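Down below is the structure, laid out as structure tokens.
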Amino acid sequence: LYTWEWTVKVPQPLVMASSGTMTDMQQDGKFTNYTIKESVPSGLASIILGRFSVVTDPPEENRKRLIRVFAQAGQLDAAEEIRVQAHDIIDYFEELFQSDYPYPELDIAQMPFGMGFAQAPPGLVQMSGEAYLSKTLLATVYNVNDPVIREMFLPHEIAHQWWGHTIGTRTGHDYWLMEAGAEYSAALFWEAAEGQKEYDKNVKYWLKRRNAQNTNKTSSLWIAATGRNSKRYVATIYGRGPLLYHELRMSLGFEKFVSVLRAMLFEWKGDKLATEDFKMVLEKATGLSFDQYFESFVYHNEPLSGASPEDMQ
């Protein structure tokens, strides 16, 4: 982990979004010099360059952190929607986790169209270009049957500022905790924002689209977390992982399970979390043994069927 202060010389008309806090921006002939500082130790620093227009927080909103959204000129209305929603998401996660957003700024940048994915380095969210389009355009021009790309990406990637940067993972085997944490946190945001039906849509998505209960499509969370190129990786990490969190929430209750999430973020803040640590927190919170539960559903690929920890004592 490291901190930095650097100056990046960018040829105009390109604009730069980045990790870290922009402390200075100076025109230098046909270039722009950006000075970027990061005081929070990080294992990853990223920049993205593009012919962007930038939507930023107006001073009168007096926000406690700055959000800038970098988009193509034709998507500025969507960029403004994303800016406002990103603040709502961060506010919700800060309250849910009882943990502050870890950086002074967040840059949200539009990636090329057709990439179909998003990622979240520290203080920077990058989303596929389609996430900036209206649902009408996605349906009529791109023939997307379920045009919820932005809804899928934005809260998930912002959640990675906690699940991935506030805490990290000890080994590749433990990485499933970061994706399950981000994916499940996104579902909790939609539940709070839109109600039970939106939460249920997420559960249905994990079941139907991610094949979370189909053990012919999934594998052990412990094994899949080290195999990004595996055909089973997506169904396991993005389906089985959050579904396991859902089932734990149904068994333990909302408040108890959220207390477990908070404990992980508090106890391992600035440190690396292991799967065994997650198990230990669950055992402390419930007074139950999770040996058999983890053996069946984390280290092996037994079907998730709503079994409670009590059933496995």
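The values are calculated or read from the model by the stated rules, or taken from the named source; none is laboratory data. Small disclaimer: the values here were computed from a predicted structure and weren't measured. Note: ideal-geometry Cβ built from the backbone for every residue, glycine included; neighbour counts use all protein chains shown. Just so you know, the surface numbers come from the protein's heavy atoms only, side chains and all, with ligands and any DNA or RNA stripped out. Shrake-Rupley method; radii C 1.70, N 1.55, O 1.52, S 1.80 Å.
Brief remarks on what is shown
- Restricting attention to the stretch 180-227 and to residues that are open to solvent by 60 Å² or more (accessible area, probe 1.4 Å) and either touching a Gly at 6+ places or on another chain (Cβ under 7 Å) or part of a loop (DSSP other than H, G, I, E, B) (or both), the residue that is farthest from residue 89 (Cα to Cα) turns out to be 216.
- Candidates are the residues of the stretch 271-300 that are in contact with a helix residue (DSSP H, G or I) (Cβ under 8 Å, 6 or more places away or on another chain) and assigned to a loop (DSSP other than H, G, I, E, B); the one that is farthest from residue 257 (Cα to Cα) is 299.
- Test: residue 230 is at pLDDT 95 or above and either surrounded by 15 or more Cβ atoms within 10 Å (Cβ to Cβ) or not in a helix (DSSP H, G or I) (or both): no
- Condition met for residue 225 (at pLDDT below 95 and under 18 Å from the mean Cα position of the chain (by Cα)): yes
- The residue of the stretch 142-151 that is modelled with the highest pLDDT, among those that are over 17 Å from residue 110 (Cβ atoms) and open to solvent by 70 Å² or more (accessible area, probe 1.4 Å), is 143.
- Selection of the stretch 63-73 for residues being outside any loop (DSSP other than H, G, I, E, B), surrounded by 14 or more Cβ atoms within 10 Å (Cβ to Cβ) and out of contact with any Leu (no Cβ under 8 Å at 6 or more places or on another chain) yields 69, 70, 71.
- For the stretch 74-125, a residue qualifies if it is exposed (fewer than 15 other Cβ atoms within 10 Å of the Cβ) and part of a loop (DSSP other than H, G, I, E, B), and the qualifying residues are 98, 100, 112, 113, 114, 115, 116, 117.
- Remark: residue 175 matches the filter, which requires a residue to be touching a residue at least 12 places away in the same chain (Cβ under 8 Å), among the hydroxyl-bearing types (Ser, Thr, Tyr) and over 18 Å from residue 246 (Cβ atoms).
- Index of the failed condition, residue 60 passing every other in (1) of a type outside the set (Lys, Arg); (2) at pLDDT 95 or above; (3) open to solvent by less than 80 Å² (accessible area, probe 1.4 Å): (3)
- Within the span defined as the stretch 154-168, one or more residues are closer than 16 Å to residue 225 by Cβ and among the hydrophobic types (A, V, I, L, M, F, W, C).
- Entry remark, the stretch 258-313: residues being surrounded by fewer than 14 Cβ atoms within 10 Å (Cβ to Cβ), under 22 Å from residue 188 (Cα atoms) and basic (Lys, Arg) number 1 in total.
- Residues in the stretch 2-50 that are buried (at least 17 other Cβ atoms within 10 Å of the Cβ), part of a strand (DSSP E or B) and in contact with a Lys or Arg (Cβ under 9 Å, 6 or more places away or on another chain): 15, 17, 21, 22, 32, 34.
- Among the candidates 51, 63, the residue that is closer than 19 Å to residue 112 by Cα and basic (Lys, Arg) is uniquely 51.
- The listed residue being open to solvent by less than 40 Å² (accessible area, probe 1.4 Å) and out of contact with any strand residue (DSSP E or B) (no Cβ under 8 Å at 6 or more places or on another chain), out of 138, 154, 177: 138
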